[in-house]
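The values are calculated or read from the model by the stated rules, or taken from the named source; none is laboratory data. Nothing here was measured: the structure is a model prediction, and the numbers come from that model. Quick reminder, even Gly has a Cβ in these numbers, built from the backbone with ideal geometry, and neighbours come from all protein chains shown. Only protein heavy atoms, including side chains, enter the accessible area calculation; ligands, DNA and RNA are left aside. Shrake-Rupley method; radii C 1.70, N 1.55, O 1.52, S 1.80 Å.
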Amino acid sequence: MVVPGDPIRVMMGQREDPVARQQLEKKLGLDKPAWQRYLIFAGNSLKGDFGRSYVQKREVREIINNSFWKTVHLSVAAMTLAIILGVGAGILSAVKPNTWIDYSSMGLALIGVSMPVFWLGLMLYLVFTVNLGWVEATGTGKAYWVTIPWMGKELKLVYWYQNIILPAITLSTVPMAIIARMTRSSMLEVLNLDYVRTARAKGLNFTHIVMRHALKNAMIPIITVVGTNFASLLAGAVLTETVFSWPGLGQEIVFAILQRDFPVVMGGTLLFALNFVLVNLVVDVLYAWVDPRIRQD
């Protein structure tokens, strides 16, 4: 409502007619003061009604529903990659401190967290799609179900897109680096505690100690980082979706901003804010699940 720009001018183009403009403003409710439009939007949002797109002539709820789940697919794929590689690198660095493994892992993590996502996406697209032609990276491509045999039947487990590889790698780089650094720091602290030294003195297998005892007690800060970064991925996939033409909510909002399609911008932004709240709630539940002392408090 307070964003610069005139949606009526965008919709009417060069052939702007004062009478038609006035009629269109009244039809869209743009003749009302900003505070009235905000109260109307807030009241309708509580009922799940985000209004109607000025440009696409469709309900904003329908537009969000079509694009949001593609953003979720991309974010889940990116975060899965970030957790697997980030936690693995962090554990290796912690159990082999001040070695070439530690220096290599943390050096790559430093590069990953410093690298602009937009630049990385363009470089991956240029190398693997344009020059080598190994993977397609525009749009979602063909969709597949991953199935497994189960008691004479096939269970459909994961629905994934063909062209998700490069955008998922691009989007996972920063959270992967942050998770690796946090895992190393947290694991080093736990590995120096008395119960770990006692377990090693008793002759227990070191891999068993790390994976069954130390990692579990080091999970609280890692869960925090994963939760906040996952919420950021859902809201911050705009650049990656734009580079790879991924038809998610981030790209939808970018188009809406360029066309001054305010209902889509406000509906998408509100959904991103709700995602932050929901992810933080899930993180709090995971705290209690990982550490029973939190439930008792």
Relative contact order for region 178-297 using alpha-carbon pairs under 8 Å, separation at least 6, rounded to a whole percent?
26
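Given the C-alpha atoms of region 98-150, compute the convex hull and give its volume per residue in Å³.
On the way: hull volume 9.6 nm³, N = 53.
Per-residue hull volume (Cα only) is 182 Å³.
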³J(HN,Hα) across region 40-54 via Karplus (A = 6.51, B = -1.76, C = 1.60, θ = phi - 60°), whole Hz, x for Gly/Pro?
4, 4, 5, x, 5, 4, 4, 9, x, 9, 9, x, 10, 5, 5
What 222 nm value per residue comes from the helices of the chain, counting each DSSP H run with n ≥ 4 as -39,500 (n - 2.57) and dividing by all residues, nearest 500 deg cm²/dmol?
-21000 deg cm²/dmol
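Are any of the pairs LYS57/LYS142; LYS70/LYS142; LYS70/LYS156 more than 20 Å apart by Cα-Cα distance, and if so, which? Write down the numbers at each step before the final one.
On the way: LYS57/LYS142 28 Å; LYS70/LYS142 13 Å; LYS70/LYS156 18 Å.
Exceeds cut-off: LYS57/LYS142.
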Residue-wise, which Karplus ³J(HN,Hα) couplings in Hz belong to region 30-37, taking 6.51 cos²θ - 1.76 cosθ + 1.60, θ = phi - 60°, and x for glycine or proline?
7, 7, 7, x, 4, 5, 5, 5
So what does LEU239 come to for accessible area, using a 1.4 Å probe and Å² rounded to 10?
90
Which whole-number percent is the relative contact order of the chain (Cα, under 8 Å, 6+ apart)?
25
Cα centroid separation, region 239-256 to region 51-98 (Å):
13
Just report the Cα centroid separation between region 100-131 and region 139-209, whole Å.
19
Highest-first arrangement of 151-163, 50-62, where packing means the average Cβ count within 10 Å
50-62, 151-163
5 Å is the cut-off here: which amide hydrogens, built 1.01 Å from N in the peptide plane, fall below it relative to ARG52, excluding neighbours closer than 5 in sequence?
VAL60
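Taking 0.36 nm per intervening residue step and subtracting the Cα-Cα distance, what contour gain separates HIS208 from LEU46 on full extension?
Working: separation 162, 0.36 × 162 = 58.32 nm, distance 5.02 nm.
Here the segment from HIS208 to LEU46 would lengthen by 53.3 nm.
Would you please give the FRET efficiency between TRP119 and TRP160, computed as 1/(1 + (r/R0)^6) with r the Cβ-Cβ distance and R0 = 22 Å, to the nearest 0.05?
On the way: r = 26 Å, r/R0 = 1.18.
Efficiency for this residue pair is about 0.25.
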Mind checking the full-extension length gain between ILE8 and VAL282? Use 0.36 nm per residue of separation minus the Cα-Cα distance, one decimal, nm.
94.5 nm
